[in-house]
1. So which of 146, 188 is assigned to a loop (DSSP other than H, G, I, E, B) and within 13 Å of the ligand (Cβ to nearest atom)?
2. If you go through region 163-185 one residue at a time, how many are of a type in the set (D, E, K, R) and in a loop (DSSP other than H, G, I, E, B)?
3. Would you check if there is a residue in region 200-212 being at pLDDT below 95 and either surrounded by 24 or more Cβ atoms within 10 Å (Cβ to Cβ) or not in a loop (DSSP other than H, G, I, E, B) (or both)?
4. Checking residue 168 against (1) within 16 Å of the ligand (Cβ to nearest atom); (2) more than 18 Å from residue 131 (Cβ to Cβ); (3) open to solvent by less than 10 Å² (accessible area, probe 1.4 Å); (4) touching a His at 6+ places or on another chain (Cβ under 8 Å), which test does it fail?
5. Assess whether residue 79 counts as being over 18 Å from residue 157 (Cβ atoms), open to solvent by 30 Å² or more (accessible area, probe 1.4 Å) and of a type in the set (Gly, Ala, Ser).
6. Restricting to region 93-143, name every residue that is more than 10 Å from the ligand (Cβ to nearest atom), open to solvent by 10 Å² or more (accessible area, probe 1.4 Å) and over 23 Å from residue 184 (Cα atoms).
7. Got at least one residue in region 332-350 being at pLDDT below 95, within 17 Å of the chain's Cα centre (by Cα) and open to solvent by less than 30 Å² (accessible area, probe 1.4 Å)?
8. When only residues in region 144-162 that are of a type in the set (Val, Ile, Thr) and crowded, with 19+ Cβ neighbours inside 10 Å count, which is farthest from the chain's Cα centre (by Cα)?
Amino acid sequence: MEQQFIMRGGHPLRGEVVIGGAKNAALGLIAAAILTDDTVVIENLPDVRDVNVMLDVLRELGAAVERTGSHTVSICAAGIRELSINDEFIRRIRASYYFIGALLGKYHSAVVPLPGGCAIGSRPIDQHLKGFRALGTDIRIQNGCVVAEAKDGLKGTHIYLDVVSVGATINIMLAAVLSERKTTIENVAKEPHIVDVANFLNSMGANIRGAGTDTIRIRGVKRLHGTSYAVIPDQIEAGTFMCAAAASRGDILIKNVIPKHLESISAKLVEMGNTVVEYDESIRVIGSAVQRPTDVKTLPYPGFPTDMQPQISVTLGLARGISVVTESIFESRFKYVDELARMGGAIKVEGNVSIIDGIRSYTGASVNALDLRAGAALVIAGLCAEGITTVREIGYIQRGYEHFERKLQALGAEIQLVEDEREAQKFRMRVG
Ligand code: EPZ
């Protein structure tokens, strides 16, 4: 049996939790380390599977990668000799595409497997490739890989993205920082992790302006130097615990956050009747006994994040009334609804809209995590449910949440990571 989370719900989550570094920023920073032959030190790096796979790929390529602390890694890419990545290794994570931009930017050549789609949608990378071609790269798809070559080097240009894309924004930045002349990228994503990657590159000597706005301007430089940099706190991990506080009617102080990054989530939880108190680097959420229904539409930052859609939906599933959630970023990010229905969730999905009819309480069941955020949302549901819940396929959750069950246990959750049915049975006997 794969590892599972088993839990007994009913305990309001109370106490303090410390948020780790942002996974979706860390993945871009790790690839960006390729762009210099100097040593780069990255701190506050979350110890999660996606990050560790990216570090392993760097090692595969010939970089020196050393964990110098539980959340600090030093990378020296001077030893990279290999510019193609083998398929088996990297298909496990989506952010492998960042290696295209980084290898192109530094070596003007890259062979990287096309990233797979996943439970939330087809997730094409046409905008990434559009940017690389505009910079002067020949791109062809061969044997499932992106084969990219910029024989005459990369030349600055003007790129207008057809779709607001986090990945394409970061990837084109990686390819353009060492190019000749100036590159302007319009209609870019503005997520905090975009700004973090731009700040990281600028700390290495890049010349990037406008990250966090609709337009990024890059003046190519000859080389980048080493740096020491700390990843920003993870907006989505923080938001997940904010929803856990609301759904469980608990009271959690969430530490090591940037409250500004959480404004859309705070606003929604306040609309639902919860109390949210902002401090300099932490935020407190006090769950209301009665959750009010409301409507949510996921949008690029600073709108409500798509990565918080399952978690807010589970919380709205306990509200007193009807809520409408519109998923405008991905075409199939409601697959968890069938799993939640096994716990009594009353959600109808029509295309990219879900209609949630709030219930008094979920009831425990065995459910599957179908993707990272859906898995976290089902754990929140299990912690609020009557009875015992097991969440399977927790590898998805471990891709983006470090010590998820330990952080929840410290908040009073009766949850355990179990290796097999015998351990699950022991948990059931113990909690009765
Ligand atoms: C990043 O994915 C995140 N992943 C996702 O988080 C997040 O949901 C997403 O951004 C949106 O915020 C990482 O950062 C590793 P996009 P990404 O390009 O970059 C379409 C998580 O839970 N599109 O912003 O792949 C695409 O299909 C994960 O941590 C194109 O059409 O997302 C989608 O509909 C899940 N062509 C929309 O744009 C392209 O070339 C936004 O995608 C690229 C994207």
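The values are calculated or read from the model by the stated rules, or taken from the named source; none is laboratory data. Worth saying up front: this structure is predicted, and the values here are computed from it rather than measured. Backbone-built Cβ (ideal geometry, glycine too); neighbour counts: all protein chains shown. These accessible areas exclude ligands, DNA and RNA; they are computed on the full protein's heavy atoms, side chains included. Shrake-Rupley method; radii C 1.70, N 1.55, O 1.52, S 1.80 Å.
1. Working: 146 fails: assigned to a loop (DSSP other than H, G, I, E, B).
Exactly one of 146, 188 is assigned to a loop (DSSP other than H, G, I, E, B) and within 13 Å of the ligand (Cβ to nearest atom), namely 188.
2. So the first thing to find is which residues in region 163-185 are of a type in the set (D, E, K, R), and the list is 180-182.
Adding the requirement that they be in a loop (DSSP other than H, G, I, E, B) leaves 181.
Looking only at that region, the number is 1.
3. Taking region 200-212 and keeping what is at pLDDT below 95, we get none.
For region 200-212, residues at pLDDT below 95 and either surrounded by 24 or more Cβ atoms within 10 Å (Cβ to Cβ) or not in a loop (DSSP other than H, G, I, E, B) (or both): absent.
4. (2)
5. Values: over 18 Å from residue 157 (Cβ atoms): yes; open to solvent by 30 Å² or more (accessible area, probe 1.4 Å): yes; of a type in the set (Gly, Ala, Ser): yes.
When the stated conditions are applied, residue 79 passes them.
6. 111, 114, 116, 140, 141, 142, 143 - these are the residues of region 93-143 that are more than 10 Å from the ligand (Cβ to nearest atom), open to solvent by 10 Å² or more (accessible area, probe 1.4 Å) and over 23 Å from residue 184 (Cα atoms).
7. There is no residue in region 332-350 that is at pLDDT below 95, within 17 Å of the chain's Cα centre (by Cα) and open to solvent by less than 30 Å² (accessible area, probe 1.4 Å).
8. At the first step, the residues of region 144-162 found to be of a type in the set (Val, Ile, Thr) are 146-147, 157, 159.
Restricting the remaining residues to those that are crowded, with 19+ Cβ neighbours inside 10 Å gives 146, 159.
Values: 146: 23, 159: 25 Å.
The residue in question is 159.
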